[in-house]
Amino acid sequence: MSGVIVHDGRRPGHHTWAVGAIASGAANGVFISPFSTPRFAIPRYISGLDFARNASSAGGETIFDAMTHARLLVGSNRTDLYDTWELWDSAGVGVDTPLRQQQHVEQVFARQTELGSPHLAPTVTINSVSGDNGRYSLEMAWIARGIDERAWQSVAGSREFWRSGVSLDAHIGSLVELRAPVWVVTVTNELVLGQTPDLADRQAYEGLLRSIHSLSERSRVIIAYADMSGLLSVGAGADTIGAGWDRAMRTFDPGSFHIDSDAGIRIPASYVTQKNLFAVLRRDAAEAIERWNVSDARRIRGRSMPTSDQIERVHHLASIGEHVATLSSIRDRAARVAALRLQYESAATDFDTLIDAIGPAVRVADKTAWVSTQLEILRAYASNEGLW
């Protein structure tokens, strides 16, 4: 089921909003995370099973991601909900021994069976292919395949991993040998600041696209924690994007996995998705575009101005999903890249017009973050693959 899968979150109302997005057609499923949803119902949280049932009843795909690559991060201690899932057995937390790996995979698969979700193998964050985690990730993947040869597989890596060139290609080649029907791919971040995508490490993202290209030759690929920037991966062969409405749903934010020392109430800023700019801009920028030219504003935005943040959440997911559907319908890879290229180039032209007309409400920095960098990454990947 291609499209958009909503990542889990802790904000009050999340479960209702996610299921509603599926029912409205704006999303195609949900990721359930042990960091955000408990195994059993507790005050303020429904159980993982009820969340899975509600999503399934609405017609959505449900994926339980054990998030082992987050649990084993240094400083990962936000385990109040995580511990309810009992994902580790007598050997304890860790994947540094064969027994720990096997017990963990078995526990994860047991929880996924409870929820009626596919067996998705856990993984660890790879910084260097030659490091311990590179080896552990392969060992766990083969254990998972030994238990269930149709198991879905995961690969999570830092930018250092994705930019590692020949070593990266060799590692991806080893993963292809698993013949997994589905791959869930994640770019892990060391630090996340702000709401705009950070794709400045262009070599890493070129490596990511090259890897997705290889994996998608034989498997379905889901790019997790990618949101609007995940459309690059769809251009390279992915068919589904993990997205959401909060920063920790739109990108892999390590800060969301440890206890906040300043737990005060925060009121999120209001944003509006500009579908045909491939951008999410602050509401005051969206209002400035609306005042400038009502008809162009609607075309750029893709639909009417969302009158509330709740309507914006659906608008955001639907905008990404419509882009995914358009690109996924193009089977020829070169033609798909060409279509995405034209869309980015059109967005760049619209950005230039807006910058001239209403800057600084819309800035050159916005164009760079949402379009220019993506177009350069697409060009580098596609040129090397003979698709440009």
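Readers should treat all values here as calculations from the given coordinates under stated rules, not as data from a laboratory. Only a predicted model underlies this, so the values are computations on that prediction, with no experimental measurement involved. Because the Cβ atoms are built from the backbone with ideal geometry, glycine has one as well, and the counts that use them run over all protein chains shown.
Data overview
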read-out: Some residue of the stretch 68-75 being closer than 22 Å to Ala18 by Cα, surrounded by fewer than 23 Cβ atoms within 10 Å (Cβ to Cβ) and in contact (Cβ under 8 Å) with a residue 40 or more places away in the chain; value: no
read-out: Residue check, Ser256 more than 21 Å from Val280 (Cβ to Cβ) and either among the hydroxyl-bearing types (Ser, Thr, Tyr) or assigned to a loop (DSSP other than H, G, I, E, B) (or both); value: no
read-out: Residues satisfying the stated conditions in the stretch 1-48, i.e. free of Cβ contacts under 8 Å to residues at least 12 places away in the same chain and farther than 25 Å from Ile259 by Cα; value: none
read-out: From Ser211, Ser229, Ser216, Ser256, residue being surrounded by fewer than 20 Cβ atoms within 10 Å (Cβ to Cβ) and out of contact with any His (no Cβ under 7 Å at 6 or more places or on another chain); value: Ser216
read-out: Residue within the stretch 52-60 that is closer than 26 Å to Val324 by Cα, in contact with an Asp or Glu (Cβ under 9 Å, 6 or more places away or on another chain) and in a strand (DSSP E or B) present; value: no
read-out: Enumeration of residues in the stretch 126-135 that are in contact (Cβ under 8 Å) with a residue 24 or more places away in the chain and surrounded by 21 or more Cβ atoms within 10 Å (Cβ to Cβ); value: Ile126, Val129
read-out: Qualifying residue in the stretch 186-207 (condition: of a type in the set (A, V, I, L, M), without any contact (Cβ under 8 Å) to a residue 24 or more places away in the chain and surrounded by fewer than 24 Cβ atoms within 10 Å (Cβ to Cβ)); value: yes
